[in-house]
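Student: One structure, as structure tokens, below. Some questions next.
The values are calculated or read from the model by the stated rules, or taken from the named source; none is laboratory data. Since this is a predicted model, take the numbers as computed values, not measurements. When we count neighbours, we look across all protein chains shown, and the Cβ atoms used for this are built from the backbone with ideal geometry, even at glycine.
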Amino acid sequence: MRLERPEGTQATISGNTPVMGRAVPPKKGFSLALGTLLGGLRGNFLRLLRTILTTAILAAVLAALIQMSRKPDGIPAAEPANEAQATKLFQGIKAFAETVYPRALDVSQAQANNYLAARIVPDAAAEGGSVLSARFERAFVVIGQGELQFFVQQKLFGWPVFIYLIAKPEPGQDEVSGAATTTLRVTGGGIGRIRFESRLVPILEKNLASVMALTADATGILQRASSVTFTPGVAKLSWSGSKAPGR
């Protein structure tokens, strides 16, 4: 059967016809809000952490500087040097060290410091090796139980700075004669009331080398002692000599 459409009509196709609907706005998801919140909290936390760390570091540095500038306990007062007594002490120790008979001698802290005051003066102490080119003031010792503290007092920007090394007697033996000797071994040190770690002690030794070099004569004689004992305020020295007692 022939199918024809009347004139003036348009062909149509039946089926689903798309319908324009309303645009659906994006959902404000909970995950987006939470992510923004967490991101803000993380940024604030990191900034707070950096601030706390920076403040802690600055506080630690400031506290260390304050402790370094403080005067240590037990520092003896500066006394005028007595050249005659210093010379007498040095000659007496030298004579005991060279004698063939056993000898012993007690040297007080005051006697040792008078010797240092007479031998190490500001004009003689080189300033090139001092910390931050500080000006040399004086050198002295503090004798404690089993150890000696060698101090160099300097002035930095008008403020006294105390640098020190800690030495302990260590028995040894002369390689040639076989006689007993004593070495003062540096075991520590510090600045002010700050004690340095052992690995930093060579820095202190380097800065004090020019001052310590002026005590070479005295330390050389001390090294020839067969025994050195430190008690508070006193250094007990003894030399065995080449002859036994009674001979």
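Student: Quick one: which of 158, 192, 172 is at positive phi and surrounded by 13 or more Cβ atoms within 10 Å (Cβ to Cβ)?
Tutor: So the residue among 158, 192, 172 that is at positive phi and surrounded by 13 or more Cβ atoms within 10 Å (Cβ to Cβ) is 192.
Student: To continue, here is another question. Consider only pairs whose beta carbons are under 8 Å apart and that are at least six residues apart or on different chains; among these, list those whose first residue lies in region 191-217 and is outside the structural domain of residue 112 (by TED's automatic domain parsing) and closer than 30 Å to residue 89 by Cβ and whose second residue is outside any helix (DSSP H, G or I) and of a type in the set (Phe, Trp, Tyr).
Tutor: none
Student: If you take the residues in region 77-117 that are within 27 Å of residue 241 (Cβ to Cβ) and of a type in the set (Gly, Ala, Ser), which one is modelled with the lowest pLDDT?
Tutor: 97
Student: Mind telling me which of the residues 95, 110, 104, 86 ends up being farther than 22 Å from residue 192 by Cβ and surrounded by 16 or more Cβ atoms within 10 Å (Cβ to Cβ)?
Tutor: 86
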